[in-house]
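Nothing in this text is a laboratory measurement; each read-out follows from the coordinates by a stated rule. On a predicted model such as this, the values are computed, not experimentally measured, just so you know. Virtual Cβ from ideal backbone geometry, glycine too; neighbours counted across all protein chains shown.
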Amino acid sequence: MPTDFLLSQKENQIKALRRLFALAVFCFAILLLLQAVFISRVQYDYQQDMMASVSQSILKELSQKLNTQRLKMALIHSNNKVNFDNAYNDNNNIDEKTYLTLLAEIRKDFPSSRLFTLISPTGKNLLQHITGNFLDDCQEEVMETVNSGRQQRLFLHRSKTSVHYDLIQPRNEKQPSDGYLFVAFNIGFITELLNKYQLPYQQLFLLRDDKQGFIEVSTEPESELTQSRHLSPNALAEFEHAQKIPDTRWNIAIRLDPETKSGLLKTALMQSFTTWSVVTILLYLALNLIKRNLESKYQAEIQLSHSRKQAETIINSVNEAVFSIDCHGKITFANSRAATLINKNKSEIIGSVFSDACQLFNLSNDESLQFPQILDAFKNNRITEYANLTLRLESGSDIQVAVRISSIYDQQNQLDGYTITLEDLSTAIELSKRLVFHESRDSLTGLINRRQLEKILSQLLLSTKSNHTAEQSAIILIDLDKFQLLNSSHGFEAGDEFLKRIAILLRQSVDPHHNLGRLSADEFAIILQKTNTEEIKAVCDTIKKLIRDFKFIWKNETLTASICLGVVIIDENFSDINEILSAADHACRLAKTKGTNITQYYQTDDPEVKKHAEEITQFVDLKKAINTGRFILYRQKITPTNSSKNGPQKYEILIRMVDNTGKTVAPVHFIPAAEKYGSMAKIDQWVIRNTFAHLAELNSDDQAHYNINISSKTLSDKKIISFVNRLFSEYGISPDRINFEVTETSAISYLDNALDFMHAMKSKGCSFSLDDFGTGLASFDYLKKLPIDYLKIDGIFVKDIESNPNDYAFIEAIHKISNQMGIKTVAEFVENETILNQLTNIGIDYAQGYHIHKPELWLPLKSETMDNVSQTS
């Protein structure tokens, strides 16, 4: 579906949900409101029924108690009639003792009684002299009883300090002239009765019948009653259950607490509101959940719609023809590339049978391949790709294609069809051919590259070993002299152009059936097959002549070239091509030692070849030693010629190599190879690091100063400064204990770098010695430029000083000039006492040699390295 339609549908459903939510919330609110009114009414009716029941119960129990009280009083009067008659008839003479005796009889049954008296038929208090005057209310009650002719009455009234009730009943119901018995009681049992029937949310009152709204007794706290103890007419109207107590002027009245009455509806409404709020929140959460689900659903549909469009766009943009086929072989979908490949419109393709639209043939036998055959192969053999097929177009032209097939399943995992992809292989085949060509070619010169040369050489060696023919094969290695210098001085652009021109020259010297290629940056090789000695020599001579005559003009500067040729005759004695190439390299290097434009044939019994091979062997051993750390350090003392001089002992660090057998190898046997093949920098770094590390291990046990030799290769590397600084920081060695020895040749050859290194180290506190002075290029003018502290006179002048006056004079002159420049002198190769004496006479500051101290082992081979040596040997 279109995205806009889906978005509109989503918004409409969300709006409908919101309206439904609002309606549900409104209806639920109305329902809860009605429920609150109904519940409050039910609660009110329940309270009314409870109050009616309580009122009846109080009235019944109060009436019973009062009747019982009257009967008991009558019985007491009867039992004490004589005493009461005497008191009545002779009331003026009754004393307090007699009175209290009668009162005690009454209190036996009525502990709450306060007093009693006898009243005449006219209402006079006959015992006034004992009880005192009646209260106004009491007198009023008495007169009301006498005047009304009632047989018995009960009155409740209050004084200023208390509340009590009075019981008035005739002494003799048949003889009113006998007067009345008057007893006053505390109201304790009435209060208890009211509290007994007191229910929550209800208020109980005893109200005066003759004084409307006057409260006699109440269950409410006195503090909450009005000062006048009167209820307002509105308050009286709230008493729906007020009943008259017979033979009293009281009404028992009960009402619902006004706050509770008004709060019933409020409480119900609050409960309903709480319920409505909770339900509304839940409905809101449910609405949001439904909304999110709807949004997720429509978002998924929108993404699916977008993905379908994107997939269709992608499928139409791929460079492969894509067809969707139903289970009957009819095309249901074809992308744009499919229409382009078979040169038909999409409308023509869709609905047609795949085998009719795409006629496929087997590339090997040109047999037609129908869709059912492809399908059967796919089902039976699980073939998903056919790489060697031809698509035949209606125009008659053929295109080589790769066909891929995969199944399509519906949601019930039932087969719903197939997807077939046709890939046009024409461009890929052409690119593959070009790639194969370029993979075997050097990108700069167009000659075959090293990989292809090695492949040809390998095939040639295999053929030579298997055929044992008399035909010769050879390889000529051509090495350009000083090509790196050309790159450095004129730039890589000039170097590249130079190599292209050389390649053109070499092509002119070689027949097409021979193989000319480029081995490395400045090396070319020619593989001659089915050749002879004369042809080999002719090819070499032609190459040398062309190179001698070659003039290369670059930016108005004419440059020439020179080469060295190494020739190897290929026979079955070589085990692999590496031996052949190594032999050619040996021959070429040997030719280079003899000059330029030299041809050197490789012969296993040639002494020069053997010597060169030995150098290579030494270099291989050296590389292994560097990689495994198979070095040890010796030290040799450098002592003052003047024994009175004080100061730390000085030593020179000397390196030795340990070969595979564990034998110690002197520097003379591996340093030349290291210098020749560029390994001196690694050796120097090993010496410096291990010297520093060993000094750190010795700590305060060794405070001597040490001389460390620095080669020209190390001096030429600007990184040596940071390397040494890092080691000083890592091992905490005091720089004033370190003296670096540089030869005069290396110092002059790399003067700028040497000065940078020397100044950097001097600033830290190191000192410097100029080694082998007198044999190199230095003049005393250079000595002024170099910040050296010691000048070491080469041993070639020292060892013959006792027999050669010239050497004596030379050493004496060096010492004088050095002394004037503030430089200390050191003589090497001091082999006997005579030489030492003569050096002392000249004034040489320090001496070094076997007569002074034979080198001693200082840093032995590490245990793990020794284990490796033992295993190797």
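Simple spin-label estimate for Ile817 and Ser466 gives 7.2 nm between the two label positions (7 Å along the Cα-to-Cβ direction from each Cα).
Along the charge dipole of region 215-345, which of Trp250, Ser296, His328 sits closest to the positive end, that is, farthest toward it, with unit charges on the beta carbon of Lys, Arg, Asp and Glu (+1, +1, -1, -1)? The residue sitting most towards the positive pole is His328.
The sum of -39500 (n - 2.57) across all DSSP H runs of n ≥ 4, divided by the residue count of the chain, sets its helix-only mean residue ellipticity at 222 nm to -16500 deg cm²/dmol. Maximal additional length on extending the Gln370-Tyr677 stretch stands at 103.7 nm, based on 0.36 nm per residue less the C-alpha distance.
In whole angstrom, region 620-872 maps to an equivalent ellipsoid with semi-axes of 30, 21, 19, each derived as √(5λ) from the alpha carbon gyration tensor and ordered largest first.
Treating the angle as unsigned and between 0 and 90°, give the value, to the nearest 10°, between the Cα long axis of helix 96-109 and the longest Cα principal axis of the chain. Helix 96-109 sits at roughly 50 degrees to that axis.
In the chain, the C-alpha radius of gyration followed by the widest Cα-Cα span (Dmax) gives 66.0, 189 angstrom. Put a plus charge on the Cβ of each Lys and Arg, a minus charge on the Cβ of each Asp and Glu, and nothing anywhere else: the dipole of region 292-331 about its Cα centre is then about 140 debye.
Derived value for region 381-539: Kirkwood hydrodynamic radius 20.5 Å. Basis is the mean of 1/r over every pair of different alpha-carbon atoms. Highest average first, the peptides 472-482, 173-183 ordered by how many other beta carbon atoms sit within 10 Å of their residues are 472-482, 173-183. The loop-placed trypsin sites (Lys or Arg not before Pro) in region 648-743, going by DSSP, that have at most 12 neighbouring Cβ atoms within 10 Å of their Cβ come out as Lys663, Lys718, Lys719. Ordering 629-635, 343-349, 576-582 by mean Cβ neighbour count within 10 Å, with the highest value first, yields 629-635, 576-582, 343-349.
For Ala666 and Leu435, what does the FRET efficiency come to when R0 = 51 Å and r is the distance between their Cβ atoms, rounded to the nearest 0.05? The value I calculate is 0.40.
Between Glu140 and Thr275, the FRET efficiency estimated from the beta carbon spacing at R0 = 51 angstrom works out to 0.30. Given 4 °C and 1.567 mPa s, how large is the Stokes-Einstein diffusion coefficient of region 392-474 in µm²/s, with Rh as the Kirkwood radius over Cα pairs? The estimated diffusion coefficient comes to 71 µm²/s. Computed from Cα atoms, the angle from the helix 577-594 axis to the main principal axis of the chain rounds to 50 degrees. Taking packing as the residue-averaged number of other Cβ atoms within 10 angstrom, the listed peptides 390-397, 515-522 run from highest to lowest as 515-522, 390-397. The H on the amide N of Gly417, modeled in the peptide plane, is under 5 Å from the matching H of Ile408, each at least 5 residues off or on a different chain. Projected over all directions and averaged, the alpha-carbon convex hull of region 213-354 occupies 21.0 nm². Extension gain, Asn316-Asn147: 0.36 nm per intervening residue step, less the Cα-Cα distance, totals 48.4 nm.
In whole angstrom, region 551-678 maps to an equivalent ellipsoid with semi-axes of 42, 24, 12, each derived as √(5λ) from the alpha carbon gyration tensor and ordered largest first. With Cα atoms as the point set, the radius of gyration and Dmax of region 198-256 evaluate to 10.8, 30 Å. In units of the rule-of-thumb radius 2.2 N^0.38 Å, region 287-425 shows an alpha carbon radius of gyration of 1.27. Each residue of region 529-599 gets 116 Å³ once the volume of the Cα convex hull is shared out per residue. Projecting the Cα atoms of Ile720, Pro648, Leu751 onto the charge dipole of region 620-872, computed from C-beta unit charges around the Cα centre, puts Ile720 farthest toward the positive end. Were the residues from Ala300 through Leu265 laid out at 0.36 nm apart, the gain over their Cα-Cα distance would be 7.5 nm. When all alpha-carbon pairs of region 1-151 are counted, what percent fall beyond 25 Å? Cα-Cα pairs of region 1-151 separated by over 25 Å account for 61 percent. Taken along the Cα-to-beta-carbon direction at a fixed 7 Å, the label points for Gln508 and Phe361 span 5.1 nm.
Where does helix 136-148 land angle-wise versus the long Cα axis of the chain, in degrees 0 to 90, nearest 10? Orientation of helix 136-148: about 50 degrees from the principal axis. Spin-label model, Asp90 to Asp800: label points 7 Å out along the Cα-to-beta-carbon direction sit 18.4 nm apart.
Please give me, ordered by residue number, the GluC sites (Glu not before Pro) of region 452-545 that lie in loop per DSSP and have at most 15 other Cβ atoms within 10 Å. Loop-located and lightly packed - Glu471.
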